[in-house]
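Since every read-out is calculated from the coordinates, none of them should be taken as a lab result. All values derive from a computational prediction rather than experimental measurement. FYI the Cβ positions are ideal-geometry reconstructions off the backbone, even for glycines, and counts take in every protein chain you see.
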Amino acid sequence: MNILVTGGAGYIGSHTIISLIDNGFSVIVIDNFCSGHIEATDAVSKYENEKIKVYDGDFSDAGLLDDIIKRHNINGVIHFAAHSLVGESMDEPLKYYKNNVAKTILFLEFLKKSGINNFVFSSSAAVYGTSDKNPIDEASPLNPINAYGNTKLVVENILGSMDRAYGFKYISLRYFNAAGANKSGQIGEDHNPETHLIPRVLKSVATGENKAVVFGNDYPTDDGTAIRDYIHVDDLSYAHVLSLKFLIENEKSKSGAYNLGYEKGYSVMDVLGKIEEITGKKLKVEFTGRREGDPAILVASHEKIKKELGFEFKYNICDIISSAWNWHSNHPNGFSKAQA
Ligand SMILES: NC(=O)c1ccc[n+]([C@@H]2O[C@H](COP(=O)([O-])OP(=O)(O)OC[C@H]3O[C@@H](n4cnc5c(N)ncnc54)[C@H](O)[C@@H]3O)[C@@H](O)[C@H]2O)c1
């Protein structure tokens, strides 16, 4: 079976390709490399080059899409491609609505016209905004507090309407904090700029700076720092495979949204403590003000995906940090200067 993957050269996309191939799928990637890395798809191609074909282009380019479906019979789609920097989305909302919403509408229109179904969408915990209740379940109010979260919610709503009107089958996966790296050590997290805690600090350790900047230590939590639910990127990747299998194997399957997190929260200070343990380095911690729009606590309820899709989580926070450290210590400059 062939799966069309938009954004396959990105962090989560490249990990998911490995999981798809490991589970017997062939993969067709569209990526314009605006934030992804050719080195990531190259690394995966070396791993299984018969099963992956990469197209350099925009996922809303109808000519490219036409060409792809002439060459490949597509059985399902995973739509990762998006802009995803929360701060930037507040400063440049149109850039976000254009790429994440307007282009996604063109893409969905093309899929509908071509009779392609079984769609897995990269959504986000950002659709919940600040929730009073933790863990957050899927029935919790959807109140994004930034433009990025809004773009994800708009697409979820469009998918709901398409299901009702055309029977378009989809699953939206609402990721909490993705982190970690594949055990191969060949691919890992390399965003620019990097806004995520674990890669920021591990990069600093890998370059000998050993610095950790903490945004806010006056939250209503035990140690005053924000609590998040981290999920290993390989658990996340497998959830996409399972979602696709569910859609493909059950023609009458119900569309829906599922949270992906461990139902366990770690404060920033908890994470820094684990980083010190795993890397053996003492961190120089610097406290600064809260980042706008950062809620105190975000922890997922994961009962729904366990019950309805039979998903089982394999990893924990120590696996996340060790695998990420394996990647960053061997790639202190990310993909650009591997093995520096
Ligand atoms: N990383 C996280 O913790 C997290 C959490 C929640 C949701 N998400 C969502 O998961 C998805 C993947 O996130 P990531 O961290 O891997 O991001 P990423 O930036 O590493 O990957 C996104 C990929 O999409 C590509 N892309 C963007 N716009 C494109 C376009 N118009 N045409 C073709 N390719 C395009 C980029 O080049 C990149 O390879 C995103 O939709 C993001 O919003 C990520």
ask   = Given the Cα-Cα distance of residue 1 and residue 73 and 0.36 nm per residue of separation, how much length would full extension add, in nm?
value = 25.1 nm
request  = Any chance you could tell me what percent of the C-alpha pair distances in region 265-340 go past 20 Å?
outcome  = 56 percent
Per principal axis, descending, Cα span of region 134-218 in whole Å = 56, 39, 24
remark   = The simple spin-label model distance between residue 157 and residue 184, using points 7 Å out along Cα→Cβ, in nm, is 3.9 nm
note = Of the convex hull drawn through the C-alpha atoms of region 207-334, the volume per residue in Å³ is 137 Å³
request  = Enter the angle in degrees (range 0 to 90, nearest 10) between the Cα long axis of helix 197-206 and the first principal axis of the Cα atoms of the chain, meaning the one along which they spread out most.
outcome  = 60 degrees
Two-site label geometry, residue 277 and residue 53: point separation in nm, points 7 Å out along Cα→Cβ = 4.7 nm
query = For helix 147-166, what angle does its Cα long axis make with the longest principal axis of the chain, in degrees from 0 to 90 and rounded to 10?
reply = 30 degrees
message = Over 19 Å apart: what share of the alpha carbon pairs of region 88-176 falls there, rounded to a whole percent?
response = 41 percent
Distance between region 4-21 and region 112-154 - C-alpha centres, whole angstrom = 20 Å
key: Table column - 3J(HN,Hα) (Hz), region 287-295, Karplus curve with 6.51, -1.76, 1.60, x for Gly and Pro   = 9, 9, x, 5, 7, 4, x, 8, x
inquiry  = Defining a contact as two alpha carbons under 8 Å apart and six or more residues distant in sequence, what relative contact order in percent does region 188-340 show?
reply    = 36 percent
note = Expected vector for region 63-77, Karplus 3J(HN,Hα) from phi with 6.51, -1.76, 1.60 and θ = phi - 60°, integer Hz, x for Gly and Pro, equals x, 5, 5, 4, 4, 5, 6, 6, 8, 10, 8, 9, 9, x, 9
query = Between residue 106 and residue 143, 0.36 nm times their residue separation minus their Cα-Cα distance comes to what?
reply = 10.8 nm
request  = Mind giving me the nanometre distance, one decimal, between the label points for residue 66 and residue 251, set 7 Å out from Cα along Cα→Cβ?
outcome  = 3.1 nm
key: Of all DSSP beta bridges in region 177-327, antiparallel share, percent nearest 5   = 15 percent
inquiry  = If amide hydrogens are placed 1.01 Å from N in the peptide plane, which non-local residues have theirs closer than 5 Å to the one on residue 231?
reply    = 177, 178, 179
task = Return the loop-located GluC sites (Glu not before Pro) in region 278-340 (DSSP other than H, G, I, E, B) with at most 15 other Cβ atoms within 10 Å of their own Cβ; answer none if there are none.
result = 292, 312
query = Which whole-number value in Å³ per residue fits the convex hull of the alpha carbons of region 20-136?
reply = 145 Å³
note = As a Kirkwood estimate from alpha-carbon pairs, region 67-221 has a hydrodynamic radius in angstrom of 17.9 Å
note = Between residue 170 and residues 5 or more places away or on another chain, the pairs with built amide H atoms under 5 Å apart involve 119, 255, 256
query = Stretched out fully, how many nm does the piece from residue 287 to residue 132 gain, at 0.36 nm a residue minus the Cα gap?
reply = 53.3 nm
inquiry  = What is the ratio of the Cα radius of gyration of the chain to 2.2 N^0.38 Å, with N the residue count, to two decimals?
reply    = 0.95
